[in-house]
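Structure incoming, see below.
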Amino acid sequence: GFKLTELLGIGKAGRRRRSGASTAKYTNPDNPEQTWSGRGRRPQWITDALESGRTLEDLAA
């Protein structure tokens with residue numbers, strides 16, 4: 001008595017809602033237009049800042 005879509009989790013019950021755009025958690029102090037939400041691959045400016053001795057707390061928005 002099951003439908004294939006119920007077993008596979010496809011259809012209305014299996015859909016996931018995407019969250020909107022993430023808010024910026026980190027900001028480049030040298031260029032405030034550059035931000036990072038903390039999700040995905042680290043931007044180069046974060047990597048450079050960490051290598052120069054800064055911490056993520058220093059870059060927090």
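The values are calculated or read from the model by the stated rules, or taken from the named source; none is laboratory data. Fair warning: this is a prediction, and the values are worked out from it, not measured in the lab. Side chains are part of the model used for accessible areas, which takes the heavy atoms of the whole protein and leaves out ligands, DNA and RNA. Shrake-Rupley method; radii C 1.70, N 1.55, O 1.52, S 1.80 Å.
Based on DSSP H runs of at least 4 residues, each adding -39500 (n - 2.57), what is the mean residue ellipticity at 222 nm of the chain after dividing by all its residues, to the nearest 500 deg cm²/dmol?
-6000 deg cm²/dmol
Something else: How much of the accessible area of the chain, in percent, comes from carbon and sulfur atoms when a 1.4 Å probe is used?
Numbers: 2600 of 5500 Å².
Whole-percent figure for carbon plus sulfur exposure: 47.
If one computes P(r) from the Cα atoms of the chain, what percent of pairs lie at distances over 15 Å? Mind showing how you got there, number by number?
Numbers: 1109 of 1830 pairs.
Every Cα pair in the chain considered, those over 15 Å come to 61 percent.
Solvent-accessible area per residue for the chain at a 1.4 Å probe radius, Å²?
Working: 5500 Å² over 61 residues.
Normalised by residue count, the accessible surface of the chain is 90 Å².
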